[in-house]
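Below is one structure, written out as structure tokens, with a few remarks after it.
The values are calculated or read from the model by the stated rules, or taken from the named source; none is laboratory data. Keep in mind that this is a model prediction, so the values were computed, not measured. Please note: Cβ atoms are built from the backbone with ideal geometry, for glycine as well, and neighbour counts cover all protein chains shown. Just so you know, the surface numbers come from the protein's heavy atoms only, side chains and all, with ligands and any DNA or RNA stripped out. Shrake-Rupley method; radii C 1.70, N 1.55, O 1.52, S 1.80 Å.
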Amino acid sequence: QVQLVESGGGLVQTGGSLRLSCAASGSIPRINVMGWYRQAPGKERELVAVTISGGATNVADSVKGRFTISRDNAQNTVYLQMNSLTPDDTAVYYCNVKFIGMNYWGKGILVTVSS
């Protein structure tokens, strides 16, 4: 079983920054995809950014240039540095890890950006 523990969310003003962390524990193969999704009120969950264990990343156009995803493979931890935040970034952010045939989600962490 895989567990994901997210941290780093909270309330920030427009233009501010936050850094999310997600630590994964359990049986995780070396080749995997870790990343972040978000769900705003009344909207569907959407991809924010993901990173493959080899280093490739995929970042949503809506956050490109403002958000940076990184990972520590030795610690099975993925980070999301969020800069220049706007109220449109307000959402519950979910950590996700995928590997062959498996897909795990964290409980989610709230990010609120005030105007």
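When +1 charges are put on Lys and Arg Cβ atoms and -1 charges on Asp and Glu Cβ atoms, the dipole computed for segment 6-115 relative to its Cα centre reaches about 180 debye.
Residues in the chain average 54 Å² of solvent-accessible surface per residue, probe 1.4 Å, ligands and nucleic acids excluded. Comparing 114, 7, 62 along the charge dipole axis of the chain, the residue lying farthest to the positive side is 7, per the Cβ-charge model. Counting only DSSP beta bridges whose two residues both lie in the chain, roughly 90 percent are antiparallel. For the pair segment 61-92 / segment 25-40, the C-alpha centres are spaced 14 Å from each other. The GNM of the chain, with springs linking C-alpha atoms under 10 angstrom apart, assigns the highest mean-square fluctuation among 23, 56, 91 to 56.
Label positions at residue 52 and residue 19, each projected 7 Å from the Cα along the C-beta direction, are separated by 2.7 nm.
Sparse packing (at most 16 other Cβ atoms within 10 Å of the Cβ) combined with a DSSP loop state is found for the following trypsin sites (Lys or Arg not before Pro) in segment 1-56: 30, 43, 45.
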